[in-house]
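Have a look at the structure below before the remarks.
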Amino acid sequence: MSDIAWTGPLAHRDPAASDALDIEIADRSDISVLDLRIGSKDTKARAAASKVLGFDLPTDPRSSASASDVAAYWFSIDQWLIIAPREGLVALEQALAEALGSHRHALTDVSDMRAILRVQGESCRAVLSKCIPIDMYADEIAPGYVRRVTLGEIAAAMICVADDPDVFDLLVFRSYADYAMTWLEEAADAGRSLSLFRPDTPPAV
Amino acid sequence: MSGLPHRLPEAALGGRAGRLIDRSQTLSFTFDGKTLTGHPGDTLASALLANGVRVVGRSFKYHRPRGLIGIGSEEPNGLFAIGDGARMEPNIRATQAELYDGLTAQSQNRWPSLDFDVGALNARFSRLFPAGFYYKTFMWPRVFWKHIYEPFIRRAAGLGPPPQDADPDSYEQVHVHCDVLVVGGGVAGIAAAKAAMDAGARVIIADESARFGGITDLEGGTIDDIDPVEWMRATVAELAANERVQVLKRTTVSGHYDHNYAVMMERVADHNPALIAAGAPRHRLWKVRAGEVVLASGAIERPLAFADNDTPGIMLSSAVRGYVARYGVTPGHDAVIITNNDDAYRTAQTLFEAGVNVARIIDTRPDAQGTLVDRVKAFGTRLTFSSGIAGVVREAGGKGLRAIKVAPLRRSGRVGDVETIPCDLVCMSGGWNPAVHLFCHVTGKLDFSEDLASFVPGTTNERLRVVGAANGTFDLPSILKEATAGGHAAAKAAIGKAGRAPKAPTARADSEGPMEPVWFMPAEGAKNEGNKHFLDFQNDVTAADVELAVREGYRSVEHVKRYTTLGMATDQGKTSNINALGIVADALEISIPQVGTTRFRPPYTPISFGAFVGQKRGALFQPIRRTPIQSWHEVNGADYEPVGQWRRPYCFPRASETREQAVIREVLAVRTKVGLLDASTLGKIEVSGPDAGKFLDLMYTNVMSSLKVGRCRYGLLMNDQGFLFDDGVVARLDDDRFLVHTTSGNADHTAAWFELWHQTEWPKLNLFITPVTEQWAQFAIAGPKARQVLQSLDSDLDFSADAFKFMDYQAGHLNGAPVRVFRISFSGELSYEVATPAGRGLALWQAVIDAGTVHGLEPYGTEALHVMRAEKGFIMIGDETDGTVTPLDLGLSWAVSKKKADYVGKRALQTPALQRPDRRQFVGIETDDPTFVLPDGVQAIDGTDASAAEPIGYVSSTYYSPTLDRSIAFALIERGSERMGETVHFPIDDRLVAGKIVDPVFYDKEGERQNV
């Protein structure tokens, strides 16, 4: 019997022509995600998880922490998303489950629950300003920043991966991936370029 | 020279006439089908004036010919339909429409033509159209309104026509935040933005015009010893070059809302169709969250109320000055100036320097002094003081101006000593109104300035300050001081630190003497009867209308406004508001501040519907959710129905099949062979932790904690009023891990409901709630051959009847994909629901299809699912429930625990109201005619007299059952469970359909089929 292939949430779409958009958009939904819940005051459980991860679980709102290819994103006072490559996930999940065994916690593999879209390019923040109501030019939006946002009309999470040049990851629920991609591609359409907080030609006087 | 009658030679005005136009290029455009020409830099208004076009539209009520009076967004008359076909947009102000080659403009509100208008008869009978005319006349007889009055009024009134086709253009919205938002790009706004920028703030400055500078170019003086235009040009360049400053032209701040949220509309491409062709959005709506707002919206000149002041050729004084200086256009060749202030003398100077004859300056004040006046006197212009315009000599049909009649202004009595002055242009100035609109949108209270005879900003609770003319500050040095200080203070308030306050640029300007308000100029004839002193040009409201409203007893200015429609047109009374207040105050013999003013509301100028909609059209009209199997449904001809934001296959019709035929085939396939349903939309929530069972006992009506690992149980969720809102199967995955299934539509709500109760009532319970709906693709494999299909796949699970019992749950693999399998049934057949991680869903679905083909497997949709659940007597949330139905009403008492101490809804369910025996109860209905399918929702009655009967219930679900080959229905009927076997009637149109109350389980009452 043949193996059951994995299909990405955007497999049905043709990618936009590379020169049609002001930014690059890549689908990296094939990475894996664990949903980790630990009581907000349970420092022991947090320490146990941190030991497995090799770094402290971040406790500041909207922050993240990472080591090599595993990263943990603060999602609420008792919730983190652990994002890691698919290979090695089973081992990581088992190690976390063992370490947290007697502590109050929930660990759920949600690798297929979301689409993860990576957007990059100089116009990132201008394009995302057409998608997300937060201040994309705030100083706090620096590498490692994570925030739950509204994208168009749907729930999403935004991670600042790098700046100069800007790289962002957008997490949306899988069923909304097509909607999110349509919205992003329209916002990033090269014919609709928006110069935002950049030196610009002055208007006539 | 371009050869147009009203285009001045370039040499006029010391070589500065028409500084904004490029005379080396000619553009052509059409006006009511006639081809005219203009230059780049022209507006439609300046080009029309250059071509000698005087009449640009007909007025709203009297259809009087109207000409342009303004030069910016205050223009009430010059409204055009611009563009063709689907791109035609009505009610565009010609003063703001930038000319481009090929522009097409149509005048509005005239029929059959601008030149000859049938509606102008209204004017002849205008005594019959007083204030409140519609309210008075069309009240009786009532039946006439719909078929006679309204159609007539609609054809004769209104402004431009709407386009008939879908808008082909695109729009977008953008969210932007800043420390300081500066509204208005005049000299005050520029100075404020510079001060805020220099203090380190992130700044947005927006102006509604394509050009920055406001009207400072028309006011003379110097800034830092250079021409103010040069100073502004250099400063705007500095702003635009700074990456912390966003400079936006053609962008109107249309609304200011709580907490400094502002909405701006940018006209991105209206001025250049080539941009649209290149993919640009036509309009962009900016949603701005600003720390501080600096309002520098300038001021609007007031017209004067004299008889026939709407005659084409009578314009605002500053507008005439602007047309001459900016576009090299003079609207007339023999001008008269009528004013109550010094600013109009600048217009006289400009006209004189441009070589246009100024026949007379009429000043309503007893005297005027100062440099502006002296300069004009030096040209030899004649001045007449203490006088007003008592009448206008109009061309035939009122289409132009021949002369005006000047008479001394007296407080009362008849007008005498009339002198007639021939002219073709009147420049009027009644003083200036600060544009306080945005100040008032949120909490702003106005003060009355006696000096300006106008309202000025008073107090506000918003983090907003007003500078320059908008604040009643008109003298250039003072404007710059106020704006610089304001911009700096705003930056400091927004970012906490801003350094030392900067010094304002040094400015020089001609001083002006005081103005003197004049609200009304008496006309010739007794009591001014028959004369029209227009206040609101766009809505055709005269001084007499306002006086009549007061005479009829209206005292509140808000009532006068609504009764007369004053200020209710698209310009919101920009030019009329204060003049009307003057009339009301005089009539009531109180002061203007006692009268107060009407409320200003967004938008400052109209916003396109497209901008409101933004990206949310077409594919983005609303979010559409896709299951992991959606692409298979698409290539296999699914016919969809919306389920929340999902599009679920309703059925899969084959080539020539109707929907009904497809559903019948799918039902029979499941009943006789095997079917496959995409159930991925089903809500899934994991509840885990030592107290998970205890918590679910509190949420569900039945006991969940007693469930054994690897078993499933159907459960009901009530709200705290005892009403059923969701149902589903709960599976125990592990000792401390449950999986809750919800209906598709309630997935999010149920997760939030659980969180609410956990966080607020039982926070000590040790558990976590994790919604996992999207993690899993899930499908039902249902039918007598379901087991064989699964057994033909490669699996580590034993699907045999003994190893995998009804209501069992097991985890394992199918063809290598991890799966969770639940042996549950919503069809009554042998059925397995298989869940696999979403990414594996499509391939596993295909593998099941491939394996099932030899067994006759067919995919089925939601309608077959619904028919089969109805055949089995299973309720459907949303059909049998509507928020007022309890589990007991539905005969589900077996699932409602009597032992549990507490659970949500328990106490409510015990109230007498919910225990009443005459509540409507869930029953099956078999119509006497088995081929007749009852309409959904039809009412049921006792007896056979439909006219007398009270409904005793209604049909909640109704289908043709292919399995039973007859119609079946569910209904909620009073005392239904006691009435088995009784006949009830359903009134449908003019007849009664009889049906028998039966047990709602129509098929396989013992449940043998699912237990094999």
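The set of residues in the range B:564-586 being surrounded by 20 or more Cβ atoms within 10 Å (Cβ to Cβ) and not in a loop (DSSP other than H, G, I, E, B) consists of B:T564, B:N577, B:I578, B:N579, B:A580, B:L581, B:G582, B:I583, B:V584. Restricting the range B:843-877 to residues that are within 14 Å of chain A (Cβ to nearest Cβ) and touching a residue at least 60 places away in the same chain (Cβ under 8 Å) leaves a set whose member that is nearest to the chain's Cα centre (by Cα) is B:W845.
It is to be established whether one or more residues within the range B:516-527 are of a type outside the set (A, V, I, L, M, F, W, C), open to solvent by 10 Å² or more (accessible area, probe 1.4 Å) and closer than 24 Å to B:F455 by Cα. Yes, there is a match, as at least one residue in the range B:516-527 is of a type outside the set (A, V, I, L, M, F, W, C), open to solvent by 10 Å² or more (accessible area, probe 1.4 Å) and closer than 24 Å to B:F455 by Cα.
Of the residues screened, A:V52 is not one that is within 12 Å of chain B (Cβ to nearest Cβ), aliphatic (A, V, I, L, M) and open to solvent by 20 Å² or more (accessible area, probe 1.4 Å). Residues in the range B:761-788 that are assigned to a loop (DSSP other than H, G, I, E, B) and either more than 24 Å from A:S111 (Cβ to Cβ) or away from chain A (no Cβ under 11 Å) (or both): B:E761, B:W762, B:P763, B:K764, B:L765, B:N766, B:G783, B:P784, B:K785. So which pairs qualify, if the first residue must be in the range B:810-826 and within 13 Å of B:T836 (Cβ to Cβ), the second must be assigned to a strand (DSSP E or B) and among the aromatic types (F, W, Y), the Cβ gap must be under 6 Å, and the two must be at least 6 apart or on different chains? From residues that are within 13 Å of B:T836 (Cβ to Cβ), the pairs are B:V821/B:Y832; B:F822/B:Y809. Looking at the range B:660-676, is at least one residue in contact (Cβ under 8 Å) with a residue 12 or more places away in the chain, within 14 Å of chain A (Cβ to nearest Cβ) and of a type in the set (S, T, N, Q)? Checked the range B:660-676: no residue is in contact (Cβ under 8 Å) with a residue 12 or more places away in the chain, within 14 Å of chain A (Cβ to nearest Cβ) and of a type in the set (S, T, N, Q). Would you say B:S608 is more than 10 Å from chain A (Cβ to nearest Cβ) and in contact with a strand residue (DSSP E or B) (Cβ under 7 Å, 6 or more places away or on another chain)? Here the answer is yes, as B:S608 does meet what is asked. One residue stands out among those in the range B:800-842 that are within 14 Å of chain A (Cβ to nearest Cβ) and more than 49 Å from the chain's Cα centre (by Cα): the one that is surrounded by the most Cβ atoms within 10 Å (Cβ to Cβ), which is B:L814.
Just so you know, in the range A:67-99 the residues that are touching a residue at least 40 places away in the same chain (Cβ under 8 Å), over 13 Å from the mean Cα position of the chain (by Cα) and within 12 Å of another protein chain (Cβ to nearest Cβ) include one that is farthest from A:A48 (Cα to Cα), and it is A:R86. Number of residues in the range B:273-303 that are at the interface with another protein chain (Cβ under 9 Å from one of its Cβ atoms) and farther than 17 Å from A:D189 by Cβ: the value is 2. Of the residues making up the range A:187-205, just one is more than 7 Å from every other protein chain (Cβ to nearest Cβ) and closer than 27 Å to B:L20 by Cα, namely A:S195. Would you confirm whether or not the range A:129-139 contains a residue that is of a type in the set (G, A, S) and either open to solvent by 30 Å² or more (accessible area, probe 1.4 Å) or more than 10 Å from chain B (Cβ to nearest Cβ) (or both)? No, there is no match, as no residue in the range A:129-139 is of a type in the set (G, A, S) and either open to solvent by 30 Å² or more (accessible area, probe 1.4 Å) or more than 10 Å from chain B (Cβ to nearest Cβ) (or both).
Filtering the range B:707-744 to residues that are of a type in the set (G, A, S), in contact with a strand residue (DSSP E or B) (Cβ under 9 Å, 6 or more places away or on another chain) and assigned to a loop (DSSP other than H, G, I, E, B) leaves only B:G710. Here B:H259 passes the criteria (1) within 14 Å of chain A (Cβ to nearest Cβ); (2) of a type outside the set (V, I, T); (3) open to solvent by less than 10 Å² (accessible area, probe 1.4 Å) except the one numbered (3). Scanning the range A:101-120 for residues that are more than 9 Å from chain B (Cβ to nearest Cβ) and either farther than 18 Å from A:S32 by Cβ or out of contact with any Leu (no Cβ under 9 Å at 6 or more places or on another chain) (or both) yields A:G101, A:S102, A:H103, A:V119, A:Q120. Apart from one condition, A:E186 fits all of (1) open to solvent by 30 Å² or more (accessible area, probe 1.4 Å); (2) within 30 Å of B:F212 (Cα to Cα); the exception is (2).
Each residue in the range A:158-186 was checked for being among the aliphatic types (A, V, I, L, M), over 20 Å from B:G839 (Cα atoms) and within 14 Å of chain B (Cβ to nearest Cβ), and 2 of them qualify.
Count of the range B:897-923 residues, restricted to those that are more than 44 Å from the chain's Cα centre (by Cα) and of a type in the set (A, V, I, L, M, F, W, C), is 2. So in the range B:464-508, with the set limited to residues that are of a type in the set (A, V, I, L, M) and at pLDDT below 95, which one is nearest to the chain's Cα centre (by Cα)? Once the filter is applied, the top-ranked residue is B:A498. With respect to A:A47, is the statement that it is open to solvent by less than 30 Å² (accessible area, probe 1.4 Å), outside any loop (DSSP other than H, G, I, E, B) and more than 14 Å from every other protein chain (Cβ to nearest Cβ) true? Against the criterion (open to solvent by less than 30 Å² (accessible area, probe 1.4 Å), outside any loop (DSSP other than H, G, I, E, B) and more than 14 Å from every other protein chain (Cβ to nearest Cβ)), A:A47 does not qualify. A residue that is of a type outside the set (S, T, N, Q) and surrounded by fewer than 19 Cβ atoms within 10 Å (Cβ to Cβ) can be found somewhere in the range B:725-734. So, B:E634, is that one of a type in the set (D, E), open to solvent by 30 Å² or more (accessible area, probe 1.4 Å) and in contact (Cβ under 8 Å) with a residue 24 or more places away in the chain or not? No: the conditions fail for B:E634. For B:P168, are the conditions met, namely being open to solvent by less than 10 Å² (accessible area, probe 1.4 Å), more than 8 Å from every other protein chain (Cβ to nearest Cβ) and not hydrophobic (A, V, I, L, M, F, W, C)? Taking the combined requirement at face value, the residue does not satisfy it.
Within the range B:615-644, the residues that satisfy the criterion of being polar (S, T, N, Q) and closer than 22 Å to B:W845 by Cα are B:T627, B:Q630, B:S631, B:N636.
Close contacts from the range B:23-35, counting a first residue that is buried (at least 16 other Cβ atoms within 10 Å of the Cβ) and a second that is of a type in the set (D, E, K, R), with Cβ to Cβ under 8 Å and a gap of 6+ residues or different chains, come to B:L27/B:D42; B:L27/B:D101; B:F29/B:D101. Pairs are defined by a Cβ separation below 9 Å, a sequence spacing of at least 6 or placement on different chains, a first member in the range A:19-34 that is more than 11 Å from every other protein chain (Cβ to nearest Cβ) and over 30 Å from A:A91 (Cα atoms), and a second member that is among the charged types (D, E, K, R) and in a strand (DSSP E or B); the pairs so defined are A:L21/A:D189; A:D22/A:D189; A:E24/A:R118; A:I25/A:R118. Residues considered: B:A237, B:A188. Of these, the only one that is more than 12 Å from chain A (Cβ to nearest Cβ), in a helix (DSSP H, G or I) and modelled with pLDDT of 95 or more is B:A188.
The values are calculated or read from the model by the stated rules, or taken from the named source; none is laboratory data. All values reported here derive from a predicted model rather than from experimental measurement. Note that we place each Cβ from the backbone using ideal geometry, even for glycine, and neighbour counts take in every protein chain shown. When the accessible area is computed, the model is the full protein with side chains, heavy atoms only, and any ligands, DNA or RNA have been set aside. Shrake-Rupley method; radii C 1.70, N 1.55, O 1.52, S 1.80 Å.
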